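Okay, so here's the structure we're looking at.
The values are calculated or read from the model by the stated rules, or taken from the named source; none is laboratory data. Predicted, not measured: the structure shown is a model, and the values here were computed from it. Please note: Cβ atoms are built from the backbone with ideal geometry, for glycine as well, and neighbour counts cover all protein chains shown. Please note that ligands, DNA and RNA were not included when accessible areas were found on the heavy atoms of the full protein model with its side chains. Shrake-Rupley method; radii C 1.70, N 1.55, O 1.52, S 1.80 Å.
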Amino acid sequence: MLRIHNSLTGQVEPFVPLVPGKVRLYVCGITVYDYCHIGHMRMFVVFDVVRRYLRHCGYALTFVRNITDIDDKIIRRAAENGEPIEALTARYIAAMDEDAAQLGVERPDIEPRATAYVPEILALIQRLIERGHAYVASSGDVLYSVSSFPDYGRLSGKRLADLRAGARVDVEESKHDPLDFVLWKRSKLGEPTWDSPWGPGRPGWHIECSAMSTSLLGDYFDIHGGGMDLKFPHHENEIAQSCGATGHPFVKVWMHNGFVNVDNEKMSKSLGNFFTVRDILPRLRHPEVLRYFLLGSHYRGPINYSLTQLEQADLALGRLYNALRGLPDASPPPGATPYRDKFEAAMNEDFNTAEAVAVLQTLAREINTLKAAGKVAEAASWAAEFRALSSLLGVVQLDPEAWFRCSQPVDGAVAEGVSDAQIQACIEARLAARKAKDFAESDRLRDVLAAQGVVLEDKPGGVTSWRRK
RNA sequence: GGCGCGGUAACAAAGCGGUUAUGUAGGGGCCUGCAAAGCCUUUUAGGCCGGUUCGACUCCGGCCCGCGCCUCCA
C-alpha cells in the first residue's frame, strides 16, 4: 500500500483517496519571468514521478499544475525589457515546456493560468469578505484577516505571536494586523488591471492558487504539492483562504519537495550559484542524466548539485544501458518478481526513488550475469521487466545503442569527431586485421578511435560494440 | 530569538534493533591476442557522550557541527 509523507502531520501516512479509485493532485507551478533552474526542474520531475506512480497504482488521476502569469516580477521584467507582459510570459512558458519535455516530464492534465481565473478569484474574495475573513483596507487593497482564521500556522508549525514578534516586513498602516496579506491589489498606473467591486486591480499571488485548485478539483481534494519554500507563507495562506471560504478542509495531503543546493547552500541569484536547465543540458550526454541525478536521492531531502554528481549519474546510467545492450525484445517474466516487489515496496514508502534506482542496478547485474552465461532469452525477459520498472521513473527510456552514440561533451562543447559510419568502417578494418592476427594494426585502429573518444569492446563471436566516452 | 531538517565509508546516497544497500573510485581474481565491458571477490562506515537492550548506525537524552524556513522564491 502506498504511503505518503504529509507535511500537515509530519508523518508518513497510508494514502487513502477521498473518492475511492480517484486522485486529485494540484501542484504549484512556476512564475514565468525567466528560464527554469534546476530547482524548478526537481519539482517538475518529482511530481512527474508521483503522477506516473499514482497511475501505475491504478488511480484515475487528475493532475493540475498552474502557471502564474501575473505578478510583480513579471511586470517589472516586462518593463525592463520594454515588451508586453503577454510576450514575456508566452516566451518563458514555451521555454518551460521545452525544458520539461527534454527531461521527460509529461504535461499535466490541466495547466491553468492565473489570468484566466480572475472571475473565480473575484468570487472567492467576495465570499471571504462576506464571511468576515477579508476586508477592504484604507489603501484600497483587499486583505485577508489572519486573526479571523484560528488555524493559521498549522501547516508550517508557526504561531501567530511568534510570527508577529519576528515580523521583519515594514508594517503598512492600512493593515489591521501586520501578518494580513493581500488578496486584491489596487493597480498602479500602467499596470495590467481587471475590474472588480473594489476598483481596478489585480489578484494577489496566494489567492490565485486557491481559486484555480478549487475551481478545477473541488473544495476538498487529495494532494497539494510544491517546493519546500512554498509551505510558508504561500500554502499556509491558501489554506486560510480556501478553508475560510468553505468552512471545511481544503487538502488532505500536503507534499513538499526539498531544495537543490550548491555547495550545501540554497541556490540563489544573490549568491551567484544559480544554474538554469539551459546552462546544464549542453554539458550532458543526454538530459536523462539530470533526471537520474534528481531521482538518486529522496525527494524530501536537499540535493547538492555539482558536475561531479552529474558525471556519476552519467556512469551509473551507462551501466544500466549497457546491461540492456544487444538483447532481443521479449516479454517480462509473468506475475510478481522479486525485483518488482522490491521496486514497488520502495516506491510505496513515500516514493523512495533512490532505493528504486538501486533495485534497477541490482537487476542490471542479474541481466549481465545471464548474458555472460549465454542465457540470452532469460536476460531479455528480465530486460523487459527492467524497462517496465524504469519507465515508472522515466529513466532509461532510450534505445541502448542510441545512448552510447551520444557523446559526453567536454566543457560544454560536443566534440565533432568521427561519424557513426566512419567508426563502423574502422571497426570492419580492425576485425579483418584481427582475423589475420595482425594485432599491431588492430591496436593501432583502436587507438585511432580512442583518440576520437570512441571506446571499442570486443564481444565473443567476433562482434565489436562501441561507445562514445 | 521561534520552528524544522540533517550529520553514513574516498565521493554520492538508501534501508534497517541482530543477516551484502546501490553506483562511482581502490585491491585481487575470472574472461580477453592485449584491452575494454562484464562477472566474482575485497578494503574504507555511521559526528561526540551517555542511556535503554542479550544486542544500536537504527530507539531515548545531552552536546558539537552544518543547513533551511520565519521576507519574493520550486
task = Identify, from the list A:P233, A:P203, the residue that is closer than 28 Å to A:F149 by Cβ, crowded, with 18+ Cβ neighbours inside 10 Å and at pLDDT below 95.
result = A:P233
message = Condition first: near RNA strand B (Cβ under 10 Å from one of its atoms), open to solvent by 40 Å² or more (accessible area, probe 1.4 Å) and in contact with a helix residue (DSSP H, G or I) (Cβ under 6 Å, 6 or more places away or on another chain). Can you find one or more residues in the stretch A:369-381 that meet it?
response = yes
query = Across the stretch A:281-320, which residue is farthest from A:G258 (Cα to Cα) among those that are of a type in the set (K, R) and open to solvent by 20 Å² or more (accessible area, probe 1.4 Å)?
reply = A:R319
task = State which residue pairs qualify: first residue more than 11 Å from A:L290 (Cα to Cα) and inside the stretch A:303-321, second residue of a type in the set (D, E, K, R) and open to solvent by less than 20 Å² (accessible area, probe 1.4 Å) in any location, beta carbons under 9 Å apart, and separation of 6 or more residues or different chains.
result = A:I303/A:R42
inquiry  = Quick check on my filter: what residues within the stretch A:1-52 are away from RNA strand B (no atom under 11 Å from the Cβ) and either without any contact (Cβ under 8 Å) to a residue 40 or more places away in the chain or part of a helix (DSSP H, G or I) (or both)?
reply    = A:T9, A:P14, A:V16, A:V19, A:P20, A:G21, A:D48, A:V49, A:V50, A:R51, A:R52
inquiry  = Can you go through A:W198, A:W254 and tell me which one is part of a loop (DSSP other than H, G, I, E, B) and either modelled with pLDDT under 95 or hydrophobic (A, V, I, L, M, F, W, C) (or both)?
reply    = A:W198
inquiry  = Can you tell me which residue is farthest from the chain's Cα centre (by Cα) among those in the stretch A:448-462 that are over 15 Å from A:S407 (Cβ atoms), near RNA strand B (Cβ under 10 Å from one of its atoms) and exposed (fewer than 14 other Cβ atoms within 10 Å of the Cβ)?
reply    = A:G462
ask   = Has the stretch A:404-420 got at least one residue that is at pLDDT 90 or above, under 26 Å from A:D329 (Cα atoms), within 16 Å of RNA strand B (Cβ to nearest atom) and in a helix (DSSP H, G or I)?
value = yes
note = Flagged in the stretch A:319-328 as under 19 Å from A:V395 (Cα atoms) and in contact with a helix residue (DSSP H, G or I) (Cβ under 7 Å, 6 or more places away or on another chain), in numbering order, are A:R319, A:L320, A:Y321, A:A323, A:L324, A:R325, A:L327
ask   = Is one or more of the residues making up the stretch A:380-403 over 30 Å from A:F351 (Cα atoms), assigned by TED's automatic domain parsing to the domain that holds A:R340 and not in a helix (DSSP H, G or I)?
value = no
query = Can you tell me which residues in the stretch A:307-330 are more than 9 Å from RNA strand B (Cβ to nearest atom), part of a helix (DSSP H, G or I) and either farther than 12 Å from A:R283 by Cβ or touching a strand residue (DSSP E or B) at 6+ places or on another chain (Cβ under 7 Å) (or both)?
reply = A:Y321, A:L324
